[in-house]
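Below: one structure, written as structure tokens.
The values are calculated or read from the model by the stated rules, or taken from the named source; none is laboratory data. Treat the numbers as computed from the prediction; the structure is a model and nothing was measured. All Cβ positions, even for glycine, are placed from backbone atoms using ideal geometry, and neighbour counts span all protein chains on display. Ligands, DNA and RNA are stripped out before the accessible areas are found, and what is left, the full protein with its side chains, is counted by its heavy atoms. Shrake-Rupley method; radii C 1.70, N 1.55, O 1.52, S 1.80 Å.
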Amino acid sequence: MAITITVVMLSFSVVLIFYNSRSIESQLNGQLTKLITFSKESLASALWQYNYDYVNDYIESLFLYEDLVFASVVSNEMKMTKKTRPKFKELSFEDFRSSPNFIMAETDVVYKHVNVGRVQLVLSRERVGNLVMVSSALAILMLLIVNLAVFGTNLLLSRWYLFKPLSKLEASVRMIAGGNLDASVDITGKDEIGQLARSFKQMMENLKMITASRD
């Protein structure tokens, strides 16, 4: 029973970890899609009017999102507004693109059917990885707790319903084997051990009757 519960809980933990990982990854991709779409819409008019102060302020505001590590805007005149978190200063957009630790998106910014620039955004998977590790640790901890609880319960029940009655029956058998045919046998149990004790007691009663008859 304990092995079955362990297998079930282990399977459940694996499924839970996989589901959490996919769910968090999906949320991260959804966040990136919303950011790139909103950026394309918000920056179109500013790039058309060469309002680079607004573009700079907008890029600054994007970094309120904790997963964002890189953002850049390129206008048709090659003027670039770019910001990278200090931890990733040495990485270019191509470096981010080639690493599995990041997801990125880029899109053209169009104003009245005219291409006025391009936006590039990069999000880090670091937070996602940490969340998956935490959820995995919690799942493993839950599995250990459940296993300990099942093992402890089985041990307690075994001692109460199996080992204790067997110990009493063994003590009675030893007394009878020592010649004490009047030794008491506990027959109060309702399980197989109790049935065995009753059969053993009946056997001893028959043995006493045979002994008395011979005497």
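Tell me the carbon and sulfur percent of the accessible area for the stretch 56-137, rounded to whole percent, probe radius 1.4 Å. Write out the running numbers ahead of the final one.
On the way: 2540 of 4690 Å².
Of all accessible area on the stretch 56-137, carbon and sulfur atoms account for 54 percent.
Treat each spin label as a single point 7 Å out from the Cα along the C-beta direction, and report the residue 63 to residue 130 distance in nm.
The modelled label-to-label distance comes out at 1.8 nm.
Quick check for you: with a 1.4 Å probe and neighbouring chains kept, what is the accessible area per residue of the stretch 29-154, in Å²? Don't skip to the answer; put the middle values down first.
Numbers: 7410 Å² over 126 residues.
Here the per-residue accessible area is 59 Å².
Taking a temperature of 25 °C and a viscosity of 0.890 mPa s, what whole-number D in µm²/s does Stokes-Einstein yield for the stretch 28-144 with Rh from Kirkwood over alpha carbon pairs? Could the numbers behind the result be given before it?
Values: Rh = 15.4 Å.
Answer, rounded: 160 µm²/s.
So which of 34/82; 40/83; 82/112; 34/89 end up more than 22 Å apart, counting from Cα to Cα?
On the way: 34/82 19 Å; 40/83 17 Å; 82/112 25 Å; 34/89 25 Å.
Cα-Cα > 22 Å for 82/112; 34/89; rest within.
At 7 Å along Cα-to-Cβ for each site, give me the label-to-label distance between residue 112 and residue 25 in nm.
Taking the simple label geometry, residue 112 and residue 25 are separated by 4.4 nm.
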